Amino acid sequence: MTQNNDVLAERARIEDQVGGRTLIDMLAATARDKADDPAYSHRHGAAEGESWRTLTWAETRELALDVAAGLVARGVAVGDTVAIMSSNRTEHYVADMGAVHAAATPMSIYNTLSATQVAYVAGESRPTAVVVENADHLTRWAKAFDEVDSIATVVVINASDVPEGDRFLSWDDLVALGSSQRDELASELEARAAQVKPETPATILYTSGTTGNPKGVVLTHHNVLYEALSTLEAAGLHDPQVAVSYLPLAHIAERVLGLYGPQIQGSHMHAIGDPSELLAALGEVRPTAFFGVPRVWEKIKTGISAKLAADPNPDNVAMVERSMAAGLAWVQATEVGKEMTPEIEAAYREADEAILGFLKLLLGLDRVTWAGSAAAPMPLEVAKFMAGLGLAVYDVYGMTETCGAITANGPGNFRLGSVGRATPGIEVRLDDDGEVLVRGPVVTPGYHRQEEATRNLIDQDGWVHTGDIGTLDGDGFFAIVDRKKELIITSAGKNIAPSNIENYLKESPIIGHAMAIGDGRPYVVAIMTLDAEIAPIVAEKLGVEYQDLAELAQHPAILGMAQATVDAANERLSRPEQVKAFELLPVEWTAESEELTPTLKLKRRVVNQKYSDVLDRLYS
């Protein structure tokens, strides 16, 4: 009971900060207090000789009000939905804010969805206005434009891509329309702002759909403000940050860290339209806070590992290894229950001056005071590698339905291999079967127009059934084992977590993705793909000649490395978990491919269906 009282006291403290306010209130306060501070930067339309085009917080709010007026002038009513498909650029954030100020509900749509998927989402959410970036997005929306009669306005950010027709206009034309109507619509906009309450939907986010059609998660202004404030506190981010925004804004983590949090704190976000430009942008921006899904951290690890492996000087390699051992010891000493000694501190400072500081500078992570990861369990070896650089990557856990993080590691509250403790004011517990249950102010009111799915998600006592199996240690740190429905139960009745096996396999720099299979089967097998960036570097070092990735995947030297990877993983696995056979596919899995969601999670059902012939071979 004491713990519950403590949780309720924390909740009351955060609720006091939220204070019944909305995103409209938060933006107004930030635009007033930090008027001339930079808010959002992107490369589109930057002046000659400049890398970025930047809006201040005052300019951001003014532009959002212009967009709001433009949407009202085009007939967007209170409570309508406004769909946005665009890369990360200032127009995307402003479109979201503008829709909110028009008392509409903005919803970002993944850029990678097919025309059929877009039509499904549009048919269920029925937007009256759609904002797209370019001709490719118009093509993805073409089916929806034909089938969904609610869509009256289509705004195209790239002016050269605007089609003919009354419902199409450019972004600049929408802004100009709103600007010209601002005075006339002033009382209407004020009245609409008054109608936006804490319980008003702030967005609808359609989940990636690893197991079927996506479901629209409704998140209120109260949800997102409580989540942003509790997450910033758990992360120890008390001051405005400089950060990079590169994950899709349809991803809850990017919305909290790149859209909602900055409106509260007045941080400066640098929007990256193409994620492949991330590493270059990090070097230029040198953020103070950085969030990456596990795959991003894996890429950083494999990139550094490949460079170190290519160094012909064994003395350099030994020096780096010693320095990284000192970095790991230093980060481990910051864990709860551990002790930082003067010797550990001194060894780290020496290693940081010798090489670690330089490596972090090369990555653009030398100013980072908070580094985070979520969306999938962070492989422990990757976390330890980053710790070797002196970077504690704070793993957090949550889901779209909980508006993001509900457990988090953070400064002074950290344990490697865990996803942290419950965030302030959030109740988290394990059910009898180990499923993680969550209750608190961040919980969605439900799925959009899907009452049965909502009942299956939230029980009568308000607990969200996450579908994730977790563990809880004596100090209150949670760890996630795997998805409840994705646990492998072999024909011998053994319960196996596939993510454990997959993370071991992906420790090899040449392996891009791996999936373990074995449900209802006599043993575990694996399907793997090559890392399209690292594998060619390794091949060149080995003197392997090849025409394309498909040929490389069949080369004896590469297959030998893949076998060695499986053997190394098997040494760390129990007998029932060990991979008895594998196949290295001649293709790559990317965010654009059928096998991955836009957040790079495996679509296990798709892989099982698409590669059924491979599985037949592996089990024959």
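Restricting to the range 363-377, name every residue that is touching a Ser or Thr at 6+ places or on another chain (Cβ under 6 Å) and of a type in the set (A, V, I, L, M). Matches in the range 363-377: ALA375 only. In this structure, is LEU573 buried (at least 19 other Cβ atoms within 10 Å of the Cβ) and either acidic (Asp, Glu) or assigned by TED's automatic domain parsing to the domain that holds ASN503 (or both)? Considered against the rule, which asks whether it is buried (at least 19 other Cβ atoms within 10 Å of the Cβ) and either acidic (Asp, Glu) or assigned by TED's automatic domain parsing to the domain that holds ASN503 (or both), LEU573 comes out as no.
In the range 330-340, the condition of being surrounded by fewer than 19 Cβ atoms within 10 Å (Cβ to Cβ), of a type in the set (Val, Ile, Thr) and assigned to a helix (DSSP H, G or I) is met by no residue. Mind checking whether some residue in the range 150-162 is assigned to a helix (DSSP H, G or I), of a type outside the set (Gly, Ala, Ser) and touching a strand residue (DSSP E or B) at 6+ places or on another chain (Cβ under 7 Å)? Within the range 150-162, not a single residue is assigned to a helix (DSSP H, G or I), of a type outside the set (Gly, Ala, Ser) and touching a strand residue (DSSP E or B) at 6+ places or on another chain (Cβ under 7 Å).
Scanning the range 226-256 for residues that are touching a residue at least 60 places away in the same chain (Cβ under 8 Å) and hydrophobic (A, V, I, L, M, F, W, C) gives LEU229, ALA234, ALA235, LEU237, VAL242, LEU247, LEU249, ALA250, ILE252, ALA253, VAL256. Restricting attention to the range 133-143, report how many residues are in contact with a strand residue (DSSP E or B) (Cβ under 8 Å, 6 or more places away or on another chain) and either among the basic types (Lys, Arg) or not in a loop (DSSP other than H, G, I, E, B) (or both). Residues meeting the conditions: 4.
Evaluated against (1) surrounded by 13 or more Cβ atoms within 10 Å (Cβ to Cβ); (2) more than 29 Å from the chain's Cα centre (by Cα); (3) of a type outside the set (A, V, I, L, M, F, W, C), GLN554 falls short on exactly one condition, (1). Contact map, the range 318-341: first residue assigned by TED's automatic domain parsing to the domain that holds GLU381, second residue hydroxyl-bearing (Ser, Thr, Tyr) and surrounded by 15 or more Cβ atoms within 10 Å (Cβ to Cβ), Cβ cut-off under 7 Å, separation 6 or more or different chains; pairs are ALA326/TYR348; GLY327/TYR348; TRP330/TYR348; MET340/THR334. Inside the range 157-175, residues that are touching a residue at least 24 places away in the same chain (Cβ under 8 Å) and surrounded by fewer than 19 Cβ atoms within 10 Å (Cβ to Cβ) make up a count of 3. Might you let me know whether the range 213-222 holds any residue that is among the polar types (S, T, N, Q), at pLDDT below 95 and over 28 Å from TRP52 (Cα atoms)? Looking through the range 213-222, at least one residue is among the polar types (S, T, N, Q), at pLDDT below 95 and over 28 Å from TRP52 (Cα atoms).
Within the range 21-58, restricting attention to residues that are touching a residue at least 60 places away in the same chain (Cβ under 8 Å) and among the acidic types (Asp, Glu), the residue that is nearest to ARG89 (Cα to Cα) is ASP37.
The values are calculated or read from the model by the stated rules, or taken from the named source; none is laboratory data. Values in this document were obtained by computation on a predicted structure and should not be read as measured data. Don't worry about glycine lacking a Cβ; one is built from the backbone with ideal geometry, like all the others, and counts go over all protein chains shown.
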